[in-house]
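Remarks on the structure that follows.
What follows draws every value from the coordinates through simple rules; no lab data is involved. This structure is a prediction, so every number in the text was calculated from the model and none was measured. Positions of Cβ are generated from backbone atoms using ideal geometry, with glycine treated the same way; all protein chains shown enter the neighbour counts.
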Amino acid sequence: MKTNLVTIILLAVIMFASCEKPSENGDSITAKATSDITVPMGFTWESSRTIKFKVNVTDARYIGALYVVSIYDGNPNAGAHLLAKGSATVLAPFTTSVYLSKQLTEVYIVKHSPDNTKTTKIIAVGVENIETSIGY
């Protein structure tokens, strides 16, 4: 029984090791150095980017008070990760820079008012800096 199991495992390893993924046109891709690779114009090897955020608070219920502004990589009620957090007033926006994966296409901005009410705004993220307002 042990011999059969060892034989099956050995054959499976040999089969998977001999597999080669063909390219789209059926030929295998061979390059000896990265300088041999041809990439399209405008292609960058970057997988992330820095986005500057400027969040203006337009909630005039508490003039002069501080509002807490948080930026999340997803829905904060579903366990998303906090990316940045700071304070803002009606006169002074929250500004920050966040290094984001290019796979991230939207962020959630949450404003906590002095009375502990929350306002959430979903923002699409591309490659441009973001300036947005969040109110009551």
Problem set entry | HN-Hα J in Hz across the stretch 99-104 - Karplus 6.51, -1.76, 1.60, θ = phi - 60°, x for Gly and Pro | 8, 10, 5, 5, 6, 7
Seminar exercise, completed: Once the in-chain neighbours fewer than 8 apart are removed, the lysines whose Cα is under 30 Å from Lys52 read Lys85, Lys102, Lys111, Lys118, Lys121
Exercise. Extension gain Ala80-Tyr62, at 0.36 nm per residue separation less the Cα-Cα distance, in nm?
Worked result: 3.6 nm
Exercise. Looking only at trypsin sites (Lys or Arg not before Pro) in DSSP loops with at most 15 other Cβ atoms within 10 Å, what is the longest site-free stretch of the chain?
Worked result: 62-101
Problem set entry | Residue of Ile71, Ile14, Ile123 that the Gaussian network model of the chain assigns the largest fluctuation, springs spanning Cα pairs under 10 Å | Ile14
For this session: Among the GluC sites (Glu not before Pro) in the stretch 47-136, which ones are in a DSSP loop with at most 15 other Cβ atoms within 10 Å of the Cβ? Mind listing them?
Result: Glu128
Seminar exercise, completed: For the chain, the longest principal axis of the Cα atoms and the Cα long axis of helix 2-18 enclose an angle in degrees, to the nearest 10, of 70
Problem set entry | Computed label-point distance, nm, for sites Lys2 and Thr117 using a 7 Å Cα→Cβ extension | 7.3
Problem set entry | Volume per residue of the C-alpha convex hull in the chain, rounded to whole Å³ | 202
Exercise. Given a Förster radius of 25 Å and the C-beta distance between Glu131 and Leu91 as r, what FRET efficiency does 1/(1 + (r/R0)^6) yield to the nearest 0.05?
Worked result: 0.95
